[in-house]
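All remarks here apply to the structure that follows.
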Amino acid sequence: MRADARRNRQRILDTAYVVLATEGAGVPVDDIARRAGVGAGTMYRHFPTKESLIEAVVLDRVQALTAKARSGIDFTEFFTVMVDAGLANRAVADALSSGGYQIPADADAALNTAFAELLHEAQQRGSVRPDITPDDVQSLVVGCVATARHRGDTDLVQIVVTGLRP
């Protein structure tokens, strides 16, 4: 892909992420293209359907989360990052809880592996209980996101993080 095409694609993804997070999936694709500063043809060359655009946004964010997990971040900090990602965009939250858009298997596996490695490292250091599994943590993230959406605050995150300690 040419450099200008890569830039346009990333601009569309970044714009779509913000628009979907703030206005929901009902925003017309042509409106997202306009806000991204590209023509409808450019939009449809990269993303032929709205679903393909939303899935690309989710994949882009999952890849960013995976990179963050591999950046040397602390497990409890990353737990908070995961909750924040779920709160920032419903499409991302749905994908992370396996309830919405599809994530390619390799991207999903990469995120799950990176998260499991962070958990294992924290358990080896003694900062997280040894009986907690990656599935437990994923469920806790989903629960924190749902609770924060319902109550409007993220106080539960600190309670959960404290409960993860030995």
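Tally the residues that are open to solvent by less than 20 Å² (accessible area, probe 1.4 Å), hydrophobic (A, V, I, L, M, F, W, C) and either assigned to a helix (DSSP H, G or I) or in contact (Cβ under 8 Å) with a residue 60 or more places away in the chain (or both), restricting the search to the range 47-84. Walk me through it before giving the result.
Let us first name the residues in the range 47-84 that are open to solvent by less than 20 Å² (accessible area, probe 1.4 Å), namely 47, 53-54, 56-58, 62, 65-66, 69, 75, 78-79, 82-83.
From what's left, hydrophobic (A, V, I, L, M, F, W, C): 47, 53-54, 56-58, 62, 65, 69, 75, 78-79, 82-83.
Keeping just the survivors that are either assigned to a helix (DSSP H, G or I) or in contact (Cβ under 8 Å) with a residue 60 or more places away in the chain (or both) gives 53-54, 56-58, 62, 65, 69, 75, 78-79, 82-83.
The qualifying residues number 13.
Against the definition (out of contact with any Lys or Arg (no Cβ under 6 Å at 6 or more places or on another chain) and more than 29 Å from ARG2 (Cα to Cα)), how does GLY72 come out, yes or no? It is true that GLY72 is out of contact with any Lys or Arg (no Cβ under 6 Å at 6 or more places or on another chain) and more than 29 Å from ARG2 (Cα to Cα).
Applying the selection to the range 135-147, what residues are more than 13 Å from MET82 (Cα to Cα) and either surrounded by 18 or more Cβ atoms within 10 Å (Cβ to Cβ) or touching a His at 6+ places or on another chain (Cβ under 9 Å) (or both)?
Kept after step one, since they are more than 13 Å from MET82 (Cα to Cα), are these residues of the range 135-147: 135-136, 147.
THR147 - this is the single residue of the range 135-147 that is more than 13 Å from MET82 (Cα to Cα) and either surrounded by 18 or more Cβ atoms within 10 Å (Cβ to Cβ) or touching a His at 6+ places or on another chain (Cβ under 9 Å) (or both).
In summary, ALA109 fulfils each of the numbered conditions (1) part of a helix (DSSP H, G or I); (2) under 19 Å from GLY143 (Cβ atoms); (3) at pLDDT below 90 with the single exception of condition (2). Within the range 30-76, being within 22 Å of the chain's Cα centre (by Cα) and hydroxyl-bearing (Ser, Thr, Tyr) holds for THR49, SER52, THR66, SER71, THR76. Pairing residues of the range 31-46 that are assigned to a helix (DSSP H, G or I) with residues that are open to solvent by 30 Å² or more (accessible area, probe 1.4 Å) and not aliphatic (A, V, I, L, M), at Cβ distances under 6 Å and at least 6 apart in sequence or on separate chains, gives ALA36/ARG11; ALA40/ASP30; THR42/ASN8; HIS46/ARG9.
Cβ-Cβ distances below 8 Å connect the following pairs, each with a first residue in the range 1-19 that is on the phi < 0 side of the Ramachandran plot and in contact (Cβ under 8 Å) with a residue 40 or more places away in the chain, a second residue that is among the polar types (S, T, N, Q) and open to solvent by less than 60 Å² (accessible area, probe 1.4 Å), and a separation of six or more residues or different chains: ILE12/THR42; TYR17/ASN89.
Which is over 26 Å from ILE32 (Cβ atoms), at pLDDT below 90, out of contact with any His (no Cβ under 8 Å at 6 or more places or on another chain) and not in a loop (DSSP other than H, G, I, E, B), of LEU87, LEU156?
Values: LEU87 fails: over 26 Å from ILE32 (Cβ atoms).
The conditions single out LEU156.
Residues of the range 113-130 that are buried (at least 16 other Cβ atoms within 10 Å of the Cβ) and in a helix (DSSP H, G or I): ALA114, PHE115, ALA116, LEU118, LEU119, ALA122, GLN123.
The values are calculated or read from the model by the stated rules, or taken from the named source; none is laboratory data. Because the structure is a prediction, the values reported are computed rather than measured. So basically every Cβ, Gly included, is an ideal-geometry build from the backbone, and we count neighbours across all protein chains shown. When the accessible area is computed, the model is the full protein with side chains, heavy atoms only, and any ligands, DNA or RNA have been set aside. Shrake-Rupley method; radii C 1.70, N 1.55, O 1.52, S 1.80 Å.
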